[in-house]
2 protein chains.
Amino acid sequence: MPAMGPIDSGFLMVETREHPMHVGGLQLFTPPDGDGGQFARDLVQTMHDSPVGKRWRMRPATPVSSLGNFRWQVDDQVDLDYHVRRSAVPSPGRLRELFELTSRWQSGLLDRHRPLWEVHVVEGLEDGRVAVFTKVHHALVDGVSALRLMQRACSPDPDARDCLPPFGLPDSSSAAVQSSGLPIPSLGDVMRGGGGLAKELVTLAPNALKVASRALRDTGYTTPFEAPRTVLNGRVGGARRFVAQSFAMNRFRTIGKGAGMSFNDVVLAVCGGALRAYLEEMGELPDTSLTSMVPVNLRNDVNDVGGNNIGAIIVSLGTDVADAALRLQVVHESALAAKTTMRELGSRQIMLLSALNVSGLGLAGIPGFLSVGHPPFNVVISNVPGPKKQMYFNGGHLEGTYPASIACDGMAINISLVTYDDQVDFGITACRSSAPSVQRLIHHLEDALADLEAVYA
Amino acid sequence: MPAMGPIDSGFLMVETREHPMHVGGLQLFTPPDGDGGQFARDLVQTMHDSPVGKRWRMRPATPVSSLGNFRWQVDDQVDLDYHVRRSAVPSPGRLRELFELTSRWQSGLLDRHRPLWEVHVVEGLEDGRVAVFTKVHHALVDGVSALRLMQRACSPDPDARDCLPPFGLPDSSSAAVQSSGLPIPSLGDVMRGGGGLAKELVTLAPNALKVASRALRDTGYTTPFEAPRTVLNGRVGGARRFVAQSFAMNRFRTIGKGAGMSFNDVVLAVCGGALRAYLEEMGELPDTSLTSMVPVNLRNDVNDVGGNNIGAIIVSLGTDVADAALRLQVVHESALAAKTTMRELGSRQIMLLSALNVSGLGLAGIPGFLSVGHPPFNVVISNVPGPKKQMYFNGGHLEGTYPASIACDGMAINISLVTYDDQVDFGITACRSSAPSVQRLIHHLEDALADLEAVYA
């Protein structure tokens, strides 16, 4: 039984009913011959016949958490009937009904007696598309890697019929994803890297976050904008919503070109506009602007993603600004200022800060975080580059790939997006009670995009 | 915030990922006009428009278990979108696909931030039938009461269109179910009744089961047959299977008449035959016979169900006997002997023993239970009288009503059956790993029934 690293153990230890610690996402496929039911059954058959990579056969040896670390145990009898699950969308089979299912799945805890993953294959969508919802524990694979694996399982060749599911990919491929320079380092990556500061954080039990809190202070890093207290930054319950939507990338690009700003600026401004409308509708819009933590690549060359060049910035979303164009301007300037600040910090400090922010472990463990003062930021918005061309899985056309992430105490909404060829795929994970009816954000995103198009397109 | 009784708190405290403590069951309806999708949507609409009785608005005030008792809190904003869930059976829409869904639902923990119940309305069955799967925490209502409430929500009038869901029934009706003399007392009922012996069991935290163990010994009650150790009596995981099947009651009656034995004798012999085939298939059939704990009414008049006349007997299932007719004989004699033993015990002793056995709390808390010696019995088989005539819910014909129960350490299979007019509805709840592929029991039940018919019908 290989020992589990303290970080991965940490992900299991901090997990409660209220904080499921799994990541994953949704993929939508158009079946090659239009028969969704048949494609779904074939998909399930392919998965059943697939080998299961070693990583996907690992389960915690001790189902009950303890003060010590967990150990991994290799499950020699993985019950694929359990892990690969068929479902159907109830009538009338719209995305709305699909999101009722994905929300439910994103809420439930994985069974620790088994390898920590589930795949749901869903038929019954009115247009014949087939959905695949994947759920993997963060102790097994981080969110970005999960997404990469799902993409890597696909092929650019529409005629390829030898695609294997993510859990069936050769371990070397799977390992490559783990060790490659990812745009977002997991806290585990930082910890494994060693370093004096990092070593202080060697366990992640809630009390250890005191150390994290101190480390954060010691970096001398101050947020350029103070985040207001909002309904999105209290305690969360156990239920989640997961909703998703694709937008044409060209819409963002056109606005960016017209305004002379980056794609990311436009994305953040659109999110800001949507969050403003969402909170206003609830009568919960604060006077000062919401801020977002945004993982960023600090180098210009996107292909050069060495660990030291990764960071996270905190950006104002301009939610206090009613005018869409002005909001974009505010976001742009805020992002510029934040990037400058980050450049002045040491690389290890940046990584630690980023990793803490994106680790999904929540900030509630830092004493007083929830009750005193202001949150360090209000939401997390992350942007991950996806496939640059159209992809297929055994002939099924990948229509979209939407990341699901973790909501936690202090951070009720996570917005993740993936660029896929000529589109941008949004996945929104939120606490069902403290961020009620978060599916409305989808419509607000569309409206915010249209508002900017009215000015710049 | 009303205080929660120590017993109901106990049900919450002993609950873990491995021991979900909810009960409920499956109901199958034929829609009045054959349109399953429409009937399902109407059903959901009826539930959404329904009032929510006080009991169904109660949630634990503290989501995290503690050493003290839980308190109930009344939820004034019950989110029916959360509690009432639509689903569909994937193609080809057989019962097999339905049971994949019910098994999944029976496995997951209820969200303690909300009232502890869920209703799943399922369309997409190939024959247009609509399934309703209900899940209620044992702290809220016991299994028999849950079943009664589901039945009480129905009407014998096929033209009635004013049926309310169980959670919308007037509280008095709901309370009546709770306080009526039920064929099986919950442990809570026994405890609330007071009495010196019962008072010893005032908390149900695992250590308190030591007291239970002693009380059990002190009754002087010995089991007429020693139960062998089987794969069904070890530790369970968190995943469940729930499968169900109706049989014509006449088949059991005809055999009973032919053999000169009771309906219950035939039921137990059929279960014994099925369990024998199931274990034999796995190469796990023990040399000596499995025994079953069977809750029984000790008076002949089924309408007289005063608390003192309720008991539980332990009966040999004759699984060591290959011949079906001989097995029925063994079961008959064993049941007769067990009933005699029970009559000689004091009524309070019987109730305590029965309640401990049927409480679903598991026996693993008794030190050494799992590792030393023999289990007190191998399975639980309970038989609850249901409606005596055909029932309807807003025009939908109730085809069957199948109870789902609790599997726990030491007891991986629970077989519950309900008599409904001219049929017998079996619901089987089992641990997915220690009782693998328990759906096979359904076929084995049919075979065992046919074997007896070959002799007596």
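Quick notes
- Residue in region B:154-166 that is surrounded by fewer than 24 Cβ atoms within 10 Å (Cβ to Cβ), basic (Lys, Arg) and closer than 19 Å to B:Lys54 by Cα present: no
- Residue that is nearest to the other protein chains (Cβ to nearest Cβ), among those in region B:411-443 that are of a type in the set (Asp, Glu) and either part of a loop (DSSP other than H, G, I, E, B) or over 21 Å from B:Val144 (Cα atoms) (or both): B:Asp421
- Per-region count, region B:231-260, residues of a type in the set (Val, Ile, Thr), more than 21 Å from the chain's Cα centre (by Cα) and surrounded by 20 or more Cβ atoms within 10 Å (Cβ to Cβ): 1
- Among the residues of region A:5-38, those identified as modelled with pLDDT of 60 or more and assigned to a loop (DSSP other than H, G, I, E, B) are A:Glu15, A:Thr16, A:Arg17, A:Glu18, A:His19, A:Pro20, A:Met21, A:Pro31, A:Pro32, A:Asp33, A:Gly34, A:Asp35.
- Which numbered condition A:Val119 misses (of (1) within 11 Å of chain B (Cβ to nearest Cβ); (2) part of a strand (DSSP E or B); (3) modelled with pLDDT of 90 or more): (1)
- No other residue among B:Arg114, B:Arg104, B:Arg41 is within 14 Å of another protein chain (Cβ to nearest Cβ), over 26 Å from the mean Cα position of the chain (by Cα), of a type in the set (Lys, Arg) and not in a strand (DSSP E or B) apart from B:Arg41.
- If the condition is being touching a Cys at 6+ places or on another chain (Cβ under 9 Å) and at pLDDT below 85, then region B:39-73 contributes no residue at all.
- Conditions (1) modelled with pLDDT of 90 or more; (2) within 14 Å of another protein chain (Cβ to nearest Cβ); number of the one not met by A:Asp76: (1)
- Whichever residue in region A:359-409 is at pLDDT 55 or above and in contact with a Lys or Arg (Cβ under 8 Å, 6 or more places away or on another chain) and, among such residues, is nearest to A:Ile313 (Cα to Cα): A:Pro375
- Taking the criterion of being part of a helix (DSSP H, G or I) and facing chain A (nearest Cβ under 8 Å), the residues of region B:79-99 that qualify are B:Tyr82, B:Glu97.
The values are calculated or read from the model by the stated rules, or taken from the named source; none is laboratory data. It should be emphasised that the depicted structure is a prediction, and the values quoted were computed from it without experimental measurement. Note: ideal-geometry Cβ built from the backbone for every residue, glycine included; neighbour counts use all protein chains shown.
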